[in-house]
Amino acid sequence: MKRIILIITFILLFVNPARSADQNIDMLNKSGREINVYSKKIVNIEVGDTVFWKSVNPGHNVEFIKGGVPEGVEKFKTTYSKDTKYTFKIPGIYAYWCTPHKSMGMIGFVIVGNDKSNLEAIKKIKFYGKSKKIAENLINSL
Ligand SMILES: [Cu+2]
């Protein structure tokens, strides 16, 4: 009996599926047939989780798009060719792009706390060039 309780306790402690995790995203020059791309275009996380962007190939960064983040979120724009991270404390949808490749499809979304209350604002973002169609498809999939 004691052993069973111990096993159950272990499972509850270490195998909790509701617990979310931090996310790692690579900043790449090439992935499959795509060039200038984040390895994950959409990630779902919980409030308090951190996303790490790894500068696998140089020349990329992360810039939150104006009007594309929940209210109260401050400007975030990182240096090129640097690993970077951000801890998401406010729920909602965050839209970002790589500053030099924003018209080349290098965009991404982070959904925090499954909160999509700012979806209408996200739909109003002006995307450029090749990113327009990609953004449309991603937003439709949210
Ligand atoms: Cu880039």
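What follows draws every value from the coordinates through simple rules; no lab data is involved. This is a predicted model, so every value here is computed, not measured. Positions of Cβ are generated from backbone atoms using ideal geometry, with glycine treated the same way; all protein chains shown enter the neighbour counts.
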Q: Give me the angle, in degrees from 0 to 90, between the Cα long axis of helix 131-140 and the longest principal axis of the Cα atoms of the chain, rounded to the nearest 10.
A: 30
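Could you pull out the pairs from 75/133; 85/130; 85/124; 54/132; 41/132; 102/124 whose alpha carbons sit more than 23 Å apart here? Walk me through the intermediate numbers first.
Values: 75/133 25 Å; 85/130 26 Å; 85/124 26 Å; 54/132 25 Å; 41/132 14 Å; 102/124 16 Å.
Pairs exceeding the cut-off: 75/133; 85/130; 85/124; 54/132.
Rank these for me by crowding, 39, 55, 117, going from fewest to most other beta carbons within 10 Å.
117, 39, 55
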Q | C-alpha long axis of helix 2-14 to longest principal axis of the chain, angle in ° | A | 10
